[in-house]
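Input: a single structure, listed below in structure tokens.
The values are calculated or read from the model by the stated rules, or taken from the named source; none is laboratory data. In this text the structure is predicted, and so the values were computed from the model without any measurement. Glycine gets a Cβ as well: all are built from the backbone with ideal geometry, and neighbour counts include every protein chain shown. For accessibility, only protein heavy atoms count, side chains too; no ligands or nucleic acids. Shrake-Rupley method; radii C 1.70, N 1.55, O 1.52, S 1.80 Å.
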Amino acid sequence: MREIFENMRDAFENCVARYTIGFVFPFQGPPHLDVAAGVAVKWNGRCLIVTARHVLKEEDFDGVHLILPLDQPFGRGGPIVVPKKTHPMVEMPVPKASFVQCEWEDLGYFEVASNFGGSSDLDFYPLPPLARTPGSNTGCVLMGFPRDLSGPLSRSQAAAVLAARWSSVHDVGEEAKFLKPFAQNNHFLMKFHAADKGKSAEGFSGGGVWFLIEQPGSETVWRPTPGLAGIQSKWFSKKSITLAVRVELLVRFLSESIGAGGDIG
């Protein structure tokens, strides 16, 4: 049974990894590397790279590089899902584009051509117009490029590692009132379990939080069907809790910016 669960987990992670991109910002050498994440989304037939607004500025476009996925499974070790080795990636400059920022939430995007990332295995997630964040205790996985697993190798080379962190939508308790800017209608919280091992959520900003959409019981062949729950925005290190913007707000933002609609497949 455990082996079946692990195979399902691996298949799901490798599915959502194809929608995950990394940002690597200019660095001056060891010991620090500034990394963040984003999600490739299709909305109204347009291909977008969505991230948190605080992650990127248009002036960054000349120096930042994107890391795009190649279709190769993660290496693993231990109960916390951490790759043993750098996930193979295609690195390329950010295309010249306008970074559209949401005025009322920590969201932003830039548009790319439909053939963008053709040398990689990048896919664009067809965001449904009725996408909803799942309820409390739903298992979710946060995808990103943790800084504590990434770093410069020299002044011209760096290793960035794609990682998956599993948790669940956190029940909102009294502590939430102290977690600004948390608003229950706009955000959701997740416990960051890797903090127990001294790990940080830095580098996951702008990454997608994903959950498994249940399939009808009549399905004879299991397929990993992902739902986007939201976009990672903030890390409360003292509480070991992450805050994500609900996918409903991303839908609203894209509807206001581009037009209502979305993609259903």
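Some observations on this one:
- Separation of the alpha carbons by more than 21 angstrom is noted, of K57/K234; K42/K234; K57/K96; K57/K199; K199/K238, for K42/K234; K57/K199.
- In Å², nearest 10: area of D106 left accessible to a 1.4 Å probe: 20 Å²
- Spin-label model distance (nm) - K238 vs D121, 7 Å beyond Cα toward Cβ: 4.3 nm
- Using a probe of 1.4 Å, the accessible surface attributed to T225 totals some 50 Å² when neighbouring protein chains are kept in position.
- Amide proton proximity set for Y125, modelled H, under 5 Å, gap of 5+: A40, V41, K42
- Sequence of R9, R53, R165 when ordered by accessible area, the most exposed leading, probe 1.4 angstrom: R53, R9, R165
- Multiplying the residue separation of D171 and K96 by 0.36 nm and subtracting their alpha-carbon distance yields 22.9 nm.
- A 1.4 Å probe over all protein chains sorts I241, I213 by accessible area into I213, I241, starting with the largest.
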